[in-house]
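Notes for the one structure printed next.
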Amino acid sequence: MRHLSRRLRDALRAAPILLLGGVLTPGVGHIAVHAGTVAGEGGQSRDEADALQRKLEAIVRFGAIPRLETLATPIAEGEVNAYLIHHLTGDIPPGIASPAVRILGDQRVSATATLDLDALNASRPPADGFDPLRLLKGQLPAKVSGRLVTENGAGRFELDSAELAGIPLPRMIVSQLVTRYSISEDQPQGISLDDPFDLPASIREIRVEPGQVIVVQ
């Protein structure tokens with residue numbers, strides 16, 4: 001479970017980060033996750049978060065043993081957003097609020113969040129060269145959209161667009177921000193926007209359908 005959890009945490013950290021660069025709107029609260037589901041701290045949202053936790057544990061168990069049969073696990077948008085709120089809050093970088101993910105279908109996903117640029121800038125050391133975020137102040141909405149392409153146990157994220165306060169961000173800036181804000185103990189060099197990644201737990205592909213993904217092992 002540890003390996004999958006690390007991958008999941010890195011992926012969900014990267015979303016608000018991209019967001020930063022302009023990737024996710026509370027509007028990864030589930031991106032279109034609806035304000036009610038993501039903002040609510042109890043009831044169904046907690047149940048959805050715990051349901052996803054159980055699914056992740058089952059995925060890990062299934063992937064731990066070589067098998068001839070396949071397993072397809074559906075994961076709903078609401079479960080992802082609830083998990084983000086109830087289980088991954090401590091992994092969200094300072095200055096990123098209300099992250100939400102939207103699962104659009106046809107391998108397309110989007111994410112949103114609100115960025116507190118003062119808190120973000122205070123939490124990181126000065127960067128070499130020009131840093132456009134340090135010119136901005138206050139809280140701004142961010143959004144990122146793209147395609148999650150997976151096959152044969154590997155995947156990649158293809159960025160379509162990124163916005164900060166409705167202003168489109170160049171791909172180069174998004175890439176720099178993703179790398180900078182995804183640095184962690186497990187990822188000391190950060191995450192590259194263009195690098196492919198291995199899927200954990202013997203996952204073969206992740207099918208993106210409207211409102212849900214199907215994890216195929």
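No value in this document is a laboratory result; all are computed from the given coordinates. These figures come from a predicted structure and were not determined experimentally. Every residue, glycine among them, receives a Cβ derived from its backbone with ideal geometry; neighbour counts consider all protein chains shown.
Couple of notes before you dig in:
- Residues whose amide H lies under 5 Å from that of LEU169, counting only those 5 or more places away or on a different chain, are ALA162, GLU163, LEU164; hydrogens are built 1.01 Å from N in the peptide plane.
- Shape of segment 136-193, Cα gyration tensor, a/c cut at 1.5: oblate
- Cβ crowding within 10 Å averaged over residues, with 151-159, 169-177, 51-59 ranked highest first: 169-177, 51-59, 151-159
- Among the trypsin sites (Lys or Arg not before Pro) found in segment 61-118, those both in a DSSP coil and sparsely packed, with 15 or fewer other Cβ atoms within 10 Å of their Cβ, are ARG67.
- Within the shell defined by Cβ-Cβ distances under 13 Å, the residues around ARG204 carry a net charge of -2, with Lys and Arg each +1 and Asp and Glu each -1.
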